[in-house]
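First the structure, in the form of structure tokens, and then the observations on it.
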Amino acid sequence: MNVILLGGPGAGKGTQAKKLVARLGVPQISTGDMLRAAVSGGTDWGRKAKEFMDAGKLVPDELVIAIIKERMTQPDATGGSIFDGFPRTVPQAEALGRLMADLGRSIDHVISIEVDEAELVGRLGGRRTCKSCGQMFHVVQAPPRKADVCDACGGALYQRDDDNEATIRSRLATYDKATRPLVEFYRQKGLLRRVLGVGSIDDIFERICAILS
Ligand code: AMP
């Protein structure tokens with residue numbers, strides 16, 4: 001099954017994608033995670049991508065599409081994927097459509113996780129992520145049992161470089177301008193389903209699963 005998760009930064013795409021991986025047995029494809037890995041790896045294009053990421057801007061389509069193309073053809077992704085944070089622009093969505101067609105696959109569902117902007121700002125500012133397993137926490141809404149330590153694996157928690165107030169504002173503006181049009185893009189294709197992204201993580205997950213079944 002191929003599922004796209006749409007939603008603003010902090011809407012819960014990554015959290016829900018991880019739960020869907022466990023439920024559906026297909027991998028999460030997160031361009032944000034892949035870009036951060038390239039940044040930590042210190043590759044040339046990782047350095048270039050970091051400038052855009054730190055400014056809350058989108059990394060150029062060509063680069064992201066090339067990464068996706070490579071990832072989609074890896075063996076674990078042949079049975080489907082959960083796309084988290086991709087596509088983020090209409091050209092990316094069009095490229096994904098072409099790639100899917102070339103590979104004889106199709107998008108089954110596009111889920112728009114809807115959360116209002118004030119809530120997103122609060123979530124992103126307090127977000128902490130595990131360096132080892134990627135599990136996410138929030139200093140107020142979902143604190144770890146021990147400060148700065150992951151409940152799931154004991155790894156160290158960190159705050160993403162782009163989860164500061166100035167970059168958060170810029171990411172939200174970028175989302176409105178470049179990514180929100182995808183809601184209409186996929187609605188016109190008859191693929192879009194909207195899910196309220198507030199409430200407990202498990203409740204939101206059940207809303208998503210109800211659509212997928
Ligand atoms: P995320 O982890 O999905 O919030 O992504 C973090 C940052 O990586 C974004 O603010 C962008 O700078 C970059 N990024 C992630 N996915 C994409 C994409 N599909 N297109 C362009 N830039 C992306």
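Each value in this text was obtained by applying a stated rule to the coordinates, not by laboratory testing. Remember, it's a predicted structure, so these values are computed and weren't measured experimentally.
Taking amide H as placed 1.01 Å from N in the peptide plane, the amide H of HIS138 sits under 5 Å from that of ARG128, each at least 5 places away or on another chain. Among DSSP bridges having both ends in segment 89-213, what percentage is antiparallel? Round to the nearest 5. Taking every DSSP beta bridge within segment 89-213, about 60 percent pair in antiparallel fashion.
Over segment 1-91, calculate the relative contact order: mean separation of alpha carbon pairs under 8 Å at least 6 apart, over the residue count, as a percent. Don't jump to the answer; show the numbers that get you there.
Working: 94 pairs, mean separation 45.7, N = 91.
About 50 percent, as a whole number.
Comparing Cα centroids, segment 36-50 and segment 142-203 end up 21 angstrom apart.
Extension gain for the segment ASP148 to ARG193, taken as residue separation times 0.36 nm less the Cα-Cα distance, is 12.6 nm to one decimal. Straightening the chain between SER213 and GLU119 buys 31.0 nm, computed as 0.36 nm per residue apart minus the Cα-Cα spacing.
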